[in-house]
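**Student:** Here it is, the structure in full.
Read-outs: derived from the displayed coordinates by stated rules, not from any lab. This is a predicted model, so every value here is computed, not measured. Neighbour counts are summed over all protein chains in view; Cβ atoms, including those assigned to glycine, are modelled from backbone coordinates with ideal geometry.
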Amino acid sequence: MVIKVAICDDVPVIAKAIEDLMLEYDSSLFEIDIFYSPFRLIELLKENTYDLFILDIEFPSLSGIEIAEIIRKNNYTCPIIFLTSFQEYMEKVFRINTFDYILKPVTKDKLYPALNRVIKYLDLNDSKFMFTFNKVFYSLSFSEIIYFEKNKRSVLIHTPSDIYETILQTKALLSKVNDNFVQVHTSFIVNVRYIKQLSSNSIIAKLNDKQTVEIPMSRKFIDSAKKQILMKLRDFI
């Protein structure tokens, strides 16, 4: 898989330096578009989608935070990395589901750990979840799956756009999923990257840009599930 990246910074030398660092990291992994104008990026978002955004915060007429808010209207989960010269922005940027922020100047030591986490977050190193139903074979990226719901012998597989079904025992299901999935209930196994809120006995998961779902946590799993979720969320924030 190639990661489509949008870099937006109105200082060409900075944008080019970030591109060079990313290509040095892995030239075959990234497909990079550079934007010197935030308005140009916003205009192209109507036609293009990106897997990763790297945004300067300080623009003369529009802040990187405002750009991110526009991105979030159509894409809630894609990683956004902010570039800033001021640490005071940190609180604001994390309010809009920011993946990371980097203080300028951008160096390998700052950028490469963030890229490592992006790759992990996008599940690029993981295999697909493969299953059959009614003699039809399916293959889904783990990053597409929000949660699994057990319904007797069946498993309902919830994604942002569809619900799939297969026949699978819980033990076999847990052996097939990657480390981002946590069992929170006898009937529910959740992808941590979609969790929006964690309460005393339930979680709120993001279904799409407008809808969420409340998933219960049972007494049997609540303590271990909360620990696992909080540990895994550390990798994403």
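**Student:** Treat each spin label as a single point 7 Å out from the Cα along the C-beta direction, and report the residue 218 to residue 140 distance in nm.
**Tutor:** Result for the modelled spin labels: 2.1 nm.
**Student:** Something else now. Can you flag which of 171/206; 128/152; 46/196; 176/196; 4/227; 176/232 are past 21 Å Cα-Cα?
**Tutor:** Details: 171/206 25 Å; 128/152 24 Å; 46/196 26 Å; 176/196 24 Å; 4/227 33 Å; 176/232 18 Å.
Going by Cα-Cα distance, 171/206; 128/152; 46/196; 176/196; 4/227 fall outside the 21 Å limit.
**Student:** For region 129-217, divide the Cα radius of gyration by the Kirkwood radius and give the resulting Rg/Rh value with two decimals.
**Tutor:** Values: Rg = 12.5 Å, Rh = 13.3 Å.
A ratio of 0.94.
**Student:** Would you please give the FRET efficiency between residue 186 and residue 226, computed as 1/(1 + (r/R0)^6) with r the Cβ-Cβ distance and R0 = 25 Å, to the nearest 0.05? Intermediate values should be presented prior to the final figure.
**Tutor:** Working: r = 16 Å, r/R0 = 0.66.
With a Förster radius of 25 Å, E is 0.95.
**Student:** Tilt of helix 222-233 relative to the longest C-alpha principal axis of the chain, in degrees (0 to 90, nearest 10)?
**Tutor:** Helix 222-233 and the main axis of the chain meet at about 20 degrees.
**Student:** Then there is this: Could you give the length gained on full extension between residue 85 and residue 48, defined as 0.36 nm per residue of separation minus the Cα-Cα distance, in nm?
**Tutor:** Numbers: separation 37, 0.36 × 37 = 13.32 nm, distance 2.85 nm.
Full extension of this stretch gives 10.5 nm more.
**Student:** If you don't mind, another one. Taking amide hydrogens as modeled 1.01 Å from N in the peptide plane, which residues meet the under 5 Å criterion relative to residue 185, leaving out close sequence neighbours?
**Tutor:** Residues meeting the amide H criterion: 218.
**Student:** Please work out the Cα center distance from region 1-55 to region 175-237, rounded to the nearest Å.
**Tutor:** One Cα centre to the other: 31 Å.
**Student:** How high is the relative contact order of region 158-237, in percent, with contacts defined as C-alpha pairs under 8 Å that are six or more residues apart?
**Tutor:** Across region 158-237, relative contact order equals 25 percent.
**Student:** At a temperature of 20 °C and a viscosity of 1.002 mPa s, determine how fast the chain diffuses translationally according to Stokes-Einstein, using the Kirkwood radius over alpha-carbon pairs as Rh; express D in µm²/s, rounded to the nearest whole number. Before the final figure, lay out each step's value.
**Tutor:** Details: Rh = 19.2 Å.
Answer, rounded: 112 µm²/s.
**Student:** For residue 72 and residue 130, what is the calculated FRET efficiency with R₀ set at 22 Å and r taken between the beta-carbons, to the nearest 0.05? Can you show the working numbers first?
**Tutor:** Details: r = 31 Å, r/R0 = 1.41.
After rounding, the FRET efficiency stands at 0.10.
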